[in-house]
Amino acid sequence: MAIVLAPMEGIVDEVMRDVLTGIGGIDLCVSEFIRVSDTLLPQKTFQRHAPELFSGGATRAGVPLRVQLLGSDPQALAQNALRAVEYGAGVIDLNFGCPAPTVNRHGGGAALLKQPALMHEIVRVVRAALPSHIPLTAKMRLGFEDTMLTLVCAEALVSGGVSELTVHARTKVEGYRPPAHWEWLARIREHVAVPVVANGEVWSLEDYLAIREVSGCDSVMIGRGLLAAPDLARRIARYHASGEKDVAAPWSEVMLWVLDFYAQCRAKGEGTPYPVSRIKQWLPQMKRHYPEAEILFAAIRKLTQADDIQAVLNDEIKV
């Protein structure tokens with residue numbers, strides 16, 4: 001059983017991974033996808049997307065990081081997977097689920113779900129290039145427009161050599177609109193001979209328990225649910241340990257995480273728009289559970305200077 005922090009491009013970077021894994025309950029995380037075209041990427045690209053590689057391969061809390069690659073060229077993906085291993089990656093993950101139009105137009109991410117033979121070839125070539133002790137995993141959606149090829153795609157990945165398969169229980173066309181089709185996770189799990197990790201529409205402990213029951217999967221990947229409720233994984237872990245359902249963290253505790261996050265963003269991108277844009281990106285995610293987050297976002301929404309936002313955050317912690 002594992003709780004996996006989902007890779008979300010432009011949102012779950014190393015700062016967010018550090019904060020969320022520090023709260024507790026997350027067993028592993030996956031990097032934002034590293035886009036591969038037809039070249040061997042330089043070290044700086046891996047440092048930008050997966051800096052944890054160069055500090056032991058884990059977050060400060062000790063949660064291991066998997067490196068995710070995205071592309072459609074088997075040989076280029078294989079070369080870059082091997083390069084990631086040379087830099088310290090302990091697991092390579094392949095992205096067959098990204099719904100972003102720019103990615104799909106170039107034949108990557110979820111667009112590959114229309115070509116199961118190419119999916120198989122990508123996995124086969126990458127698996128053959130990697131040392132035998134390095135696991136290769138993959139993430140997919142149920143399909144591009146429909147579920148006609150769902151089981152075919154899953155089998156293509158497994159027969160190609162992945163040892164674990166994460167499935168986001170929606171098609172590309174469905175994007176992130178509810179509901180997620182958890183029943184399909186059970187069908188896939190019964191069809192393939194590797195562990196399946198369930199993903200999609202988990203916002204609460206109740207959702208987590210429901211997706212496990214419907215899918216039969218032991219492990220669950222959570223993305224937006226952890227952005228909205230940063231302590232969700234911690235509450236899940238405590239439930240498994242004690243059987244008790246903890247209440248969500250109070251806003252006063254959440255604000256400590258927000259301040260840590262903003263401080264790290266400022267340290268990383270002082271003098272750039274990065275800290276301002278990142279805090280404005282995260283706060284709206286939390287309004288699902290915390291009305292205080294929506295009020296705080298309204299207070300900083302028009303601010304453009306990092307110091308001005310810092311002053312508002314400091315005032316909030318005093319309330």
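Here, each number is a calculation from the coordinates, and none is a lab measurement. The structure displayed is predicted, hence computed values, not measured ones. Quick reminder, even Gly has a Cβ in these numbers, built from the backbone with ideal geometry, and neighbours come from all protein chains shown.
I'd like the distance between the alpha-carbon centres of region 171-199 and region 245-264, rounded to an integer number of Å.
Comparing the Cα centres of region 171-199 and region 245-264, I get a distance of 31 Å.
Quick one: work out Rg over Rh on the C-alpha atoms of the chain, Rh as Kirkwood radius.
0.97
Taking the Cα atoms only, what angle lies between the long axis of helix 274-286 and the longest principal axis of the chain, rounded to 10 degrees?
The angle comes out at about 90 degrees.
Enter the angle in degrees (range 0 to 90, nearest 10) between the Cα long axis of helix 291-300 and the first principal axis of the Cα atoms of the chain, meaning the one along which they spread out most.
Once rounded, one gets 80 degrees.
Just to be sure I understand: of the beta bridges DSSP finds with both ends in the chain, what percent are antiparallel, rounded to 5?
If I count the DSSP bridges inside the chain, around 5 percent turn out antiparallel.
First obtain the Kirkwood hydrodynamic radius of region 251-318 from its Cα pairs, then insert it into the Stokes-Einstein equation at 4 °C and 1.567 mPa s, and state the resulting D in µm² per second as a whole number.
110 µm²/s
Assuming R0 = 22 Å, what is the FRET efficiency of Ala61 and Tyr274, from their Cβ-Cβ distance, to the nearest 0.05?
Working: r = 22 Å, r/R0 = 1.02.
Calculated transfer efficiency: 0.45.
Using 0.36 nm per residue, how much length does the chain from Lys245 to Arg288 gain when fully extended, once their Cα-Cα distance is taken away?
13.6 nm
What's the center-to-center distance, using Cα atoms, between region 281-319 and region 122-136 in Å?
44 Å
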